[in-house]
Every structure is written in C-alpha cells, then in structure tokens.
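A.B. asks: Structure provided below as structure tokens; questions to follow.
The values are calculated or read from the model by the stated rules, or taken from the named source; none is laboratory data. All figures in this text were calculated on a predicted structure; none of them were measured in a lab. Cβ coordinates were reconstructed from backbone atoms using ideal geometry, including for glycine residues, and neighbour counts include every protein chain displayed. Only protein heavy atoms, including side chains, enter the accessible area calculation; ligands, DNA and RNA are left aside. Shrake-Rupley method; radii C 1.70, N 1.55, O 1.52, S 1.80 Å.
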Number of protein chains: 2
Amino acid sequence: MTLSEFDLIDRYFRRSGAVRSDVCVGVGDDAALLECPPGMTLVAAVDTLVDGVHFPRGCRPDSVGHRALAVNLSDLAAMGAQPAWALLALTLPAAQAEWLDGFAAAFSALALQHGVTLVGGDTTQGPLAVAVTLLGWVPAGCALRRSGAAPGDALFVSGTPGDAAAGLALEQGRLTAEGDCDSLRERFLFPAPRVALGARLRGYASACIDVSDGLLADALKLARASGCGVELEAARLPLSAPLRALGSERARSFALTGGDDYELCFTVPVQRLERLEADLPSAHWGYTRIGTIRVETGAHVRDESGVKTVAAPGYDHFAGP
Amino acid sequence: MTLSEFDLIDRYFRRSGAVRSDVCVGVGDDAALLECPPGMTLVAAVDTLVDGVHFPRGCRPDSVGHRALAVNLSDLAAMGAQPAWALLALTLPAAQAEWLDGFAAAFSALALQHGVTLVGGDTTQGPLAVAVTLLGWVPAGCALRRSGAAPGDALFVSGTPGDAAAGLALEQGRLTAEGDCDSLRERFLFPAPRVALGARLRGYASACIDVSDGLLADALKLARASGCGVELEAARLPLSAPLRALGSERARSFALTGGDDYELCFTVPVQRLERLEADLPSAHWGYTRIGTIRVETGAHVRDESGVKTVAAPGYDHFAGP
C-alpha cells in the first residue's frame with residue numbers, strides 16, 4: 001500500500017510520542033511553537049542515519065525508527081539534558097505502510113518512554129535516510145561538556161561497550177559465533193540511551209561524551225577537548241558475558257574501538273568519587289571506572305604487556321581506503 | 001581533494017554565519033547550548049533537500065547551500081518569527097573541497113544576512129541530501145498561524161510567484177525561451193525568504209503560510225487550516241516581466257501551481273487593510289492582494305471565463321503516476 005505525503009504525516013506522525021503541555025503548535029503548521037521553561041538553557045542536537053552506512057541495507061524498520069531517536073537522546077544525555085521535542089526529516093524511496101508501521105511505532109515508543117513529542121518534520125522521496133533533531137534543556141550553567149576534565153580525573157563508562165559492534169558484525173555476517181548472539185544483536189538494533197544517568201551526573205561529572213564512534217576514540221575526543229590525554233586500563237573494561245564468549249582478544253577490540261554503543265563516557269574528579277558512589281551507586285547505575293585523565297596528550301591503553309599509545313582511533317565517514 | 005569528516009567540520013562549519021552572544025556552545029560538543037530570550041516562544045522547523053528531487057542533479061553547490069537554509073528561513077518567516085540558530089545534517093557522496101567551498105560560502109552568507117549562526121550538525125557519507133533545522137523565536141502569543149483566517153479576509157502574496165518554477169524548467173531544459181531567462185533561473189537558484197516581511201506582519205495578518213508547493217496549493221492549505229475556502233483572481237496575480245514574456249497562459253500556470261517561490265501568502269481582515277497599507281506600504285514591501293477567503297471550502301480561481309474550482313493542486317512526493 002502506498003500513501004500520499006499528507007496521509008503519511010497524518011497517519012504516522014501527527015501524534016507521536018508523549019503529550020506535552022509546552023507544545024503550543026506541533027506538526028501541521030510551517031513550524032512548531034514551543035515553550036522553553038524559564039531558567040533553562042536550550043539544548044539541540046541533530047544526527048542522521050543513512051541506509052547502508054549507519055545500518056545494514058534492509059535493516060528492520062523498528063530498529064531504524066528506534067535508533068534514529070536513540071542516537072540523539074544519547075547526545076542530549078551526554079550534555080546532562082532533559083529531552084523534550086523532536087523534529088524528523090525522513091527520506092524514503094516509497095511510502096510503504098508496512099515499513100512505516102514498524103518505523104513509526106518504534107520511534108513513538110522510545111519518544112514516549114523519554115517524554116519526547118514529535119513536533120515537526122518533513123517527508124521526502126529519495127534514498128532512505130533519517131535525520132532527527134532533538135531539543136531539550138538543562139538548568140542554566142549545569143550542562144556537561146566534553147571540555148571540563150583535568151589530569152587525575154577518573155574515567156568511567158556506562159554499560160558494556162562493544163556489544164553493539166559485535167551485534168552489527170553478527171547482523172552483517174562478518175562474525176559468526178555460538179552462544180547468546182541475540183542479546184548482542186539487540187544491543188545494536190535497540191540501544192538504550194543513558195538519559196537518566198546523564199541528568200544525574202550533573203554536579204558530579206567534570207566532562208562527558210556519548211560513545212558512538214568507539215570508546216577509545218570518544219574518550220580521546222573528551223580528553224582533547226579538555227586539553228589532556230587519557231589512559232584506559234584494558235583489564236577494567238566491563239565486558240558482557242556474550243562478548244567475552246567471543247574470545248578475550250576480540251571482546252577487548254570490540255569494546256575499545258567498536259562504536260554504536262550509545263553509552264556515556266565521563267570523568268569525575270577524585271574528590272567527588274566518594275559522593276558519586278554514595279549518591280549514584282555504580283552497581284545500580286551500571287557504570288565502571290576504566291581509566292584516568294592524564295597530562296600527556298593522546299590515548300594510551302594499559303594492558304598485560306604495558307602501555308600502548310593509539311594514534312587515530314575511530315570511524316571517519318570520509319576516510320580513504 | 002578529499003577531506004576527513006573532522007577536517008570538513010572544522011574547515012567549513014565551525015564558524016558559519018553570524019556571531020551571536022546567545023550561543024553558549026556551538027559546533028563541537030555533543031549538542032549545542034542556546035539561550036532562548038525570556039518572554040519568547042521557540043519556533044522550530046526542518047526541511048530536507050534531496051539531490052534530483054528538490055534540485056536538479058549536478059545543481060551548483062552555492063544554490064544548494066543557499067536553498068537549504070532559505071527554505072527553512074521561509075518557514076520561520078511564515079510564522080512571523082526571528083531566526084537565530086541552524087543545525088545542518090549534510091549527507092555527501094564524497095568530501096570534495098570544491099563542492100563544499102561553494103556550498104558552505106552560500107549557506108554562511110545567507111545565515112549572516114539573517115543573523116543566523118550554525119550551532120550544530122552532522123556530516124555523513126551517502127547520497128547527496130541536506131536537512132536543515134532552523135530555530136528562532138516569536139513574542140509569546142504573536143506567532144502567525146495557518147489557521148487564523150476568516151471568510152472575507154483579503155488574501156495577499158509577496159513577490160512575483162511562478163518565477164522560480166519557470167527558472168527550474170529552464171534549468172532542466174523543459175522550457176526554452178528568449179528574453180530575461182537569467183532572472184528566472186536566479187529566482188529558483190537563490191530565493192529570497194521574506195523574513196523581514198513575516199515579522200512585520202505580526203498584528204496585521206490573520207493567517208500566513210509560505211509558498212513552496214505552489215500558490216494555489218498553499219493558499220488552499222491555509223484556507224483548510226482555517227476551516228474556509230479561498231478564491232483567487234487570476235487577473236490580480238503579480239506576474240514578473242520575464243514570466244509574462246513566456247506567454248500569459250503559461251505565466252499564469254507557473255504562478256498558480258509552480259512551487260519553489262518561498263514567498264508569503266497571508267490574509268488580512270478588511271478592517272485592518274488601511275492600517276496595513278499605511279504601516280507597511282505594499283509598494284515598498286512588495287505584496288499584492290490576489291483574492292479573498294470564502295465560506296465555501298476548496299480553491300476557486302476567477303478568470304475571464306468565470307470561476308473554476310481546483311480539486312487537488314500541489315506537489316505530492318509520494319503520488320503515483
């Protein structure tokens with residue numbers, strides 16, 4: 001079944017996500033009208049998912065709908081922000097109801113879970129791509145930045161990095177494994193952005209970034225933005241049981257360089273560590289200390305054989321072969 | 001020359017457009033941090049341009065850069081809003097410096113002209129597409145809506161609709177003509193969004209929409225949102241000299257159904273018409289009365305032969321053949 005552009009917006013996107021009283025005008029006019037609460041700083045992020053680049057061609061539509069919002073929720077989480085309003089620019093080869101059913105239901109479910117309303121959008125015919133802009137707020141002066149870390153600060157990561165990259169490799173047939181592959185695939189297909197943790201880290205974390213390009217690469221970005229370097233201790237990496245089942249070498253490699261985790265990587269000054277553990281117990285919030293911010297620039301990984309310096313980790317969309 | 005993703009952002013997009021003191025954090029962190037002025041309602045719009053759909057394949061990059069922002073400026077103009085901050089999601093087959101030079105310079109020039117800063121973005125490899133999210137504000141309760149028109153209100157359009165559609169037809173070789181073709185092409189390639197007019201229409205216009213899908217289609221959208229119909233008088237259409245040179249039949253058709261004008265179509269209650277002309281002289285602001293809002297639903301065009309009702313004007317991205 002093929003729908004018109006106007007039917008499509010009406011059917012799938014006019015009411016999507018939470019109902020919010022601060023939306024004066026949502027989908028359906030030239031622009032949305034929104035009430036930003038007083039004393040709050042507006043936070044805005046945009047991320048695009050392109051077919052065959054950010055997800056395998058033919059990827060299930062519920063995963064595409066979930067991830068399109070999740071990657072932006074993760075950006076806001078990394079700022080310690082409260083998400084509120086989303087705008088969706090959806091480019092589709094054809095308006096197929098079956099595909100849209102899956103996409104819109106998953107997008108809307110994740111939006112609802114985080115109190116987000118879809119307030120505007122644009123649907124276009126073309127090669128499949130989804131750009132979501134997510135708006136939210138943070139109390140003035142309280143946002144988490146990449147640039148606040150100092151030498152000596154402890155480095156943490158939430159969750160179990162590497163699972164999503166292994167899940168993608170399984171999805172793409174680049175990796176075959178026995179054991180609990182479904183949970184790894186799930187971590188790629190339906191990442192859980194750490195919005196609640198990000199907001200709670202205000203006042204504790206000195207710097208924060210979300211892990212999308214790989215833990216090592218993103219930790220280095222945080223360190224660089226702070227004018228420092230970073231040392232990770234490989235033995236401290238929190239590896240999930242299904243990831244460990246792939247072999248320790250491979251598990252460590254996925255965890256350090258895999259990407260698509262949408263976990264938070266953050267730093268905490270040592271004098272705040274006790275208060276962090278008391279107020280936000282790591283066992284409950286699911287984060288692990290994995291290293292330390294250093295004066296020496298660059299990313300350094302300490303393992304059984306010593307310390308290695310990693311030159312240029314991370315994914316570059318435009319890197320040559 | 002091919003650039004890395006990070007070089008690309010640094011070179012073209014870290015400083016783009018105006019310098020604004022309300023940008024706490026722009027490009028370079030997980031999200032932008034922005035100060036929305038007190039007493040203002042936030043206005044947000046997103047629009048995507050896809051290669052081969054919204055512009056001809058191989059279109060000059062400065063036109064793509066200009067139009068990607070212009071179409072969103074036009075949406076904010078239609079709300080009577082003041083634009084402030086843009087986010088750019090750019091998907092490119094390759095990071096070619098020559099193409100990016102043209103794109104970024106035109107985007108930045110138009111942003112500067114309207115006091116807009118680029119505060120965030122995302123660059124991805126894939127089929128050429130540009131999604132811009134534009135944020136701005138309007139004094140609380142003062143936004144222009146599509147839905148405020150009432151029967152009897154006068155209908156206006158700014159500029160000379162139809163030029164852009166004729167310009168596109170010339171660009172695509174679907175139309176050949178003698179005379180001033182360059183000015184028509186220019187109207188397609190570099191539309192001038194009516195931001196100043198939109199802001200000035202607050203307190204005068206009862207409803208407003210920007211003309212992107214064709215004057216008749218967009219006037220009908222405004223009328224429908226207001227629970228009314230609309231009657232256009234063909235003889236009143238403000239046709240430019242280069243458009244008239246294409247022949248009166250063709251000129252009228254382009255003006256009514258052409259699209260890509262990015263002019264404003266707005267309504268004014270008759271009791272405000274005198275004040276409108278006194279405060280915003282039509283000769284200076286370049287708008288023309290072209291019809292009237294009616295009780296009878298639908299779009300009706302009055303010409304020499306009587307009144308015709310037009311069923312479903314306008315462009316649908318997903319319409320079948």
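A.B. asks: In the range A:168-245, what GluC sites (Glu not before Pro) fall in a loop by DSSP, with at most 12 other Cβ atoms inside 10 Å?
C.D. replies: Taking the range A:168-245 and a limit of 12 other Cβ atoms within 10 Å, the loop GluC sites (Glu not before Pro) found are A:Glu178.
A.B. asks: Next question, about the same structure. Mind listing the lone cysteines of chain A, meaning no other Cys beta-carbon sits under 4.7 Å from theirs?
C.D. replies: Cysteines lacking a close Cβ partner in chain A: A:Cys24, A:Cys59, A:Cys142, A:Cys181, A:Cys208, A:Cys228, A:Cys265.
A.B. asks: Report relative contact order for chain A in percent, whole number only (criteria: Cα-Cα under 8 Å, sequence separation at least 6).
C.D. replies: Contact order relative to length: 22 percent.
A.B. asks: Kindly provide the pair-distance distribution of the range A:109-249 built from C-alpha pairs, with 10 Å bins from 0 and whole-percent values in order of increasing distance.
C.D. replies: P(r) for the range A:109-249, in whole percents per bin: 9, 30, 34, 23, 4, 0.
A.B. asks: For the protein assembly as shown, build the convex hull from the C-alpha positions and give me its volume per residue in Å³.
C.D. replies: So the per-residue Cα hull volume is 153 Å³.
A.B. asks: OK, next. Does anyone have the angle between helix B:248-257 and the longest principal axis of chain B? Alpha-carbon axes, 0 to 90°, nearest 10?
C.D. replies: In chain B, helix B:248-257 runs at an angle near 60 degrees to the longest axis.
A.B. asks: List the residues whose amide H sits under 5 Å from the amide H of B:Val116, counting only those 5 or more places along or on another chain, with H placed 1.01 Å from N in the peptide plane.
C.D. replies: Answer set, sorted by chain and number: B:Ala18.
A.B. asks: Go through A:Met40, B:Met79 and list them by solvent-accessible area, largest first, probe radius 1.4 Å.
C.D. replies: Listed by decreasing accessible area, they come as A:Met40, B:Met79.
A.B. asks: Under a 10 Å cutoff between Cα atoms, tell me which one of A:Ala166, A:Ala225, A:Ala77 has the largest fluctuation in the Gaussian network model of chain A.
C.D. replies: In the Gaussian network model the winner is A:Ala225.
A.B. asks: Can I ask one more? Would you kindly work out, in nm and rounded to one decimal, the distances from the label point of A:Ala105 to those of the same position in each other copy, ordered shortest first, with label points 7 Å along Cα-to-Cβ?
C.D. replies: Copy-to-copy label distances at A:Ala105, shortest first: 5.1 nm.
A.B. asks: Counting residues in the range A:240-295 as N, plug N into 2.2 N^0.38 Å and put the Cα Rg over that result.
C.D. replies: Relative to the rule-of-thumb radius for its length, the range A:240-295 sits at 1.37.
A.B. asks: For the range A:169-275, which trypsin sites (Lys or Arg not before Pro) are in a loop by DSSP, counting at most 13 other Cβ atoms within 10 Å?
C.D. replies: Numbers: sites: A:Arg174, A:Arg185, A:Arg187, A:Arg194, A:Arg200, A:Arg202, A:Lys221, A:Arg224, A:Arg236, A:Arg244, A:Arg250, A:Arg252, A:Arg272, A:Arg275; in loops: A:Arg174, A:Arg194, A:Arg202.
Answer by residue number: A:Arg174.
A.B. asks: List, in order, the whole-Hz ³J(HN,Hα) value for each residue of the range A:134-145 obtained from phi through the Karplus relation with A = 6.51, B = -1.76, C = 1.60 and θ = phi - 60°; use x for Gly and Pro.
C.D. replies: Calculated HN-Hα couplings, in order: 10, 10, x, 8, 9, x, 3, x, 10, 5, 7, 10 Hz.
A.B. asks: Something else: Counting only protein heavy atoms and a 1.4 Å probe, tell me what percentage of chain A's accessible area is made up of carbon and sulfur.
C.D. replies: 51
A.B. asks: I'd like to check one number: the per residue accessible area of the protein assembly as shown, probe 1.4 Å, reported in Å² as a whole number.
C.D. replies: On a per-residue basis, 37 Å².
A.B. asks: Shifting gears a bit: Per residue in the range B:39-88, which ones lose no less than 30 Å² of accessible surface when going from chain alone to all protein chains (1.4 Å probe)?
C.D. replies: By number: B:Thr41, B:Leu42, B:Ala44, B:Val46, B:Thr48, B:Val50, B:Met79, B:Leu87.
A.B. asks: If you don't mind, another one. Which whole number in µm²/s is D for the range B:5-139 by Stokes-Einstein, with the Kirkwood Rh taken over Cα pairs at 4 °C and 1.567 mPa s?
C.D. replies: Values: Rh = 14.8 Å.
Stokes-Einstein gives a translational diffusion coefficient of 87 µm²/s.
A.B. asks: Moving on to the next point. Nm distances between the label at A:Gly58 and the same-position labels in the remaining copies, 7 Å along Cα→Cβ, shortest first?
C.D. replies: 3.4
A.B. asks: List the residues, sorted by chain then number, that are 5 or more residues from A:Gly162 or on another chain and whose placed amide H is less than 5 Å from its amide H.
C.D. replies: Under 5 Å from the amide H of A:Gly162: A:Gly259.
A.B. asks: Tell me the angle of helix A:97-113 to the major Cα principal axis of chain A, expressed in degrees between 0 and 90 and rounded to the nearest ten.
C.D. replies: 60
A.B. asks: For the range B:15-141, calculate the relative contact order in percent as a whole number, restricting contacts to Cα pairs under 8 Å that are 6 or more residues apart.
C.D. replies: 43 percent.
A.B. asks: Note the distances from B:Arg15 to each other copy's matching label point, with points 7 Å along the Cα-to-beta-carbon direction, in nm, sorted shortest first.
C.D. replies: Reported distances to equivalent positions: 5.0 nm.
A.B. asks: Hey, another quick one. How long are the semi-axes of the ellipsoid equivalent to chain B, from square roots of 5 times the Cα gyration tensor eigenvalues, in whole Å, largest first? Provide the component values of the computation, followed by the final result.
C.D. replies: Numbers: eigenvalues 227, 123, 50 Å².
Whole-Å semi-axes of the equivalent ellipsoid: 34, 25, 16.
A.B. asks: Give the interface area between chains B and A as buried accessible surface, both sides summed, probe 1.4 Å, in Å² to the nearest 100.
C.D. replies: Chains B and A together bury roughly 4800 Å² of accessible area.
A.B. asks: Quick one: 3J(HN,Hα) in Hz for the range B:185-193, Karplus 6.51/-1.76/1.60 with θ = phi - 60°, rounded, Gly and Pro as x.
C.D. replies: These are the phi-based 3J(HN,Hα) values: 4, 4, 5, 6, 6, 9, x, 10, x Hz.
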